[in-house]
């Protein structure tokens, strides 16, 4: 499985250095269920493609959440979404990034920012220059 990193081109900050992609029906449905906060520590992330809404029912720890449109621009965020919650469905969202709590504040990611998903951190300068 290819792992990616998520880079915020707007803020020039790394959002996640070890990003898994959930792109099958099963992996999207499973999400982070069965994982502990220890398994999902700083630098990690789950990119759910496609998705326009998530829930934390059955989870045991809070997460930061980023909704992205088709151009991977941030259209909604949740800081520390608690377990057993249902987040809003955003029809414009094409994918959702789930992160450890505090990752949004640390990377200063906000609505309107442009994110890039790269196989390696070295690609980020080229990818951001092309897509801004």
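The values are calculated or read from the model by the stated rules, or taken from the named source; none is laboratory data. Keep in mind that this is a model prediction, so the values were computed, not measured. Cβ sites come from the backbone with ideal geometry, for glycine too, and all protein chains shown count toward neighbours.
Going residue by residue through the range 40-54, is there one that turns out to be farther than 14 Å from residue 7 by Cα and in contact (Cβ under 8 Å) with a residue 60 or more places away in the chain? The answer is yes; a qualifying residue exists.
I need the full set of residues from the range 18-34 which are touching a strand residue (DSSP E or B) at 6+ places or on another chain (Cβ under 9 Å) and over 14 Å from residue 109 (Cβ atoms), in order please. I'd like the intermediate steps shown before the answer.
If we filter the range 18-34 for residues that are touching a strand residue (DSSP E or B) at 6+ places or on another chain (Cβ under 9 Å), which is where we start, we get 18-23, 27-32.
Selection gives 18, 20, 21, 22, 23, 27, 28, 29, 30, 31, 32.
Taken together, the criteria place residue 98 among residues that are part of a strand (DSSP E or B), at negative phi and at pLDDT 95 or above.
Which of the residues that make up the range 76-89 are surrounded by fewer than 16 Cβ atoms within 10 Å (Cβ to Cβ) and part of a strand (DSSP E or B)? I'd like the intermediate steps shown before the answer.
As a first pass, look at the range 76-89 and keep what is surrounded by fewer than 16 Cβ atoms within 10 Å (Cβ to Cβ): 79-80, 82-86, 88-89.
Answer for the range 76-89, where residues must be surrounded by fewer than 16 Cβ atoms within 10 Å (Cβ to Cβ) and part of a strand (DSSP E or B): 79, 80, 86.
Residue-by-condition table, conditions (1) in a loop (DSSP other than H, G, I, E, B); (2) buried (at least 18 other Cβ atoms within 10 Å of the Cβ):
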| residue | (1), (2) |
| --- | --- |
| 20 | no, yes |
| 26 | no, no |
| 33 | yes, no |
| 45 | no, yes |
| 66 | no, yes |
